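The structure under discussion appears below in the form of structure tokens.
The values are calculated or read from the model by the stated rules, or taken from the named source; none is laboratory data. Since this is a predicted model, take the numbers as computed values, not measurements. Counting neighbours? That spans all protein chains shown, and the Cβs are built from the backbone with ideal geometry, glycine included. Please note that ligands, DNA and RNA were not included when accessible areas were found on the heavy atoms of the full protein model with its side chains. Shrake-Rupley method; radii C 1.70, N 1.55, O 1.52, S 1.80 Å.
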Amino acid sequence: MPLSLSVLVVNYNGDKFIKETISSFFEAIKNRKFEVEMLVLDNNSTDNSTSVLSEIEREAKWPVKFYYGDDNIGFAKGCNFLAKEASNDVVFLLNNDTKTLCLDKFCHLLENEKLDDNAIGTVKILNNDLTIQNNIFSFPSKLKLVLELFLLKHKLVSLIGRKNTNITADTDFQNQYFSGCVLFLPRKLYLDFNGFDQRFYFYHEECDLFMRLDASGEGVKKVYLEDKIVHFGGGGGEISDFAFVAYYENLFRLFFYNTGISYLCLSKLFKIAFKFRNFLSKMGIGYRYSPFSTTYKGLSNRSSQDVLKLNERILDKIQDKENFR
């Protein structure tokens, strides 16, 4: 008997892509032989999202359930809410700025009931120009943190290239995790591990989930399929100030919760790193300030003064210890 599917989409200010996200997914699985539902939560968007979603709801072309929140509860909590509302065997977490090109192998998995109870998977993610977008990352390490904070990560990537260029279904993903822009796993597995840790709100929640799955000793199976989905990244434009700050706030949270580094040591490291970045900005020395510049293509740049302000906001967040209880 085929496995049934629940697609979970959390939307915030995604009016530019949300209709294509929904329509392209259903187009890709139009020949399916399994039951499917899609659940879309709008996180109190301030753009035209609710109008776009209301129009899709009125057209009723696809089996979609819509939820409209009074507050922005974040990506992690939004996914958890939708997973609890879902009713099918498998949940498929899909970003609101995607275009599905092919899901044949995924459909085959469900139709032949070949997704293991302990499996979590993804597909090949592409940029808008159809080049490969990296969606496979290593678990956090102290060396990795230092390289990222002190702007050496991009230099290292430019010198040696990315490791994840020849990924296949047979690749060993030990100590690695998949980006949360596209993830699928049994709903029971997701709920048994309480889904995403809602303290993360936005960014790094998927890494935390993978680390908890690996640490459980349940022998999680990581599945990579050659199906293809385009991820525009940041809504296809510049990453917002909120997202920029949230990335580093939750990077701090990820290391504090999962690596055993004390709050005092971690906060000192972040403070030194961002003061160093501010020094570079004041000296007029350009650097790749955005953590997304090697992942998403076509993101615009901020002025040095704007970057200085963002760095200070990050430090303010990190210095509030109560924020990391």
Touching a residue at least 12 places away in the same chain (Cβ under 8 Å), β-branched (Val, Ile, Thr) and either out of contact with any Lys or Arg (no Cβ under 7 Å at 6 or more places or on another chain) or farther than 28 Å from residue 172 by Cβ (or both): does that describe residue 220? yes
Which residue pairs have Cβ atoms under 8 Å apart, sit 6 or more places apart or on different chains, and have a first residue in the range 249-269 that is farther than 20 Å from residue 201 by Cβ and a second that is among the charged types (D, E, K, R)? 261/142
Of all the strands (runs of 3 or more DSSP E) wholly in the range 1-110, which have at least 2 residues that are under 23 Å from residue 233 (Cα atoms), of a type outside the set (Phe, Trp, Tyr) and open to solvent by 70 Å² or more (accessible area, probe 1.4 Å)? 98-102
Hey, among the residues in the range 257-288 that are part of a helix (DSSP H, G or I) and among the polar types (S, T, N, Q), which one's nearest to the chain's Cα centre (by Cα)? 258
Look at residue 51 and say whether it is of a type outside the set (Val, Ile, Thr) and over 21 Å from the mean Cα position of the chain (by Cα). yes
For residue 137, all conditions in the list (1) open to solvent by 10 Å² or more (accessible area, probe 1.4 Å); (2) modelled with pLDDT of 95 or more; (3) outside any loop (DSSP other than H, G, I, E, B) hold save one; what is the number of the exception? (2)
Here the residues within the range 182-223 that are more than 23 Å from residue 256 (Cα to Cα) and open to solvent by 40 Å² or more (accessible area, probe 1.4 Å) are 187, 188, 191, 192, 218, 219, 221
Checking residue 148 against (1) assigned to a helix (DSSP H, G or I); (2) out of contact with any Pro (no Cβ under 8 Å at 6 or more places or on another chain); (3) modelled with pLDDT under 95, the condition it does not meet: (2)
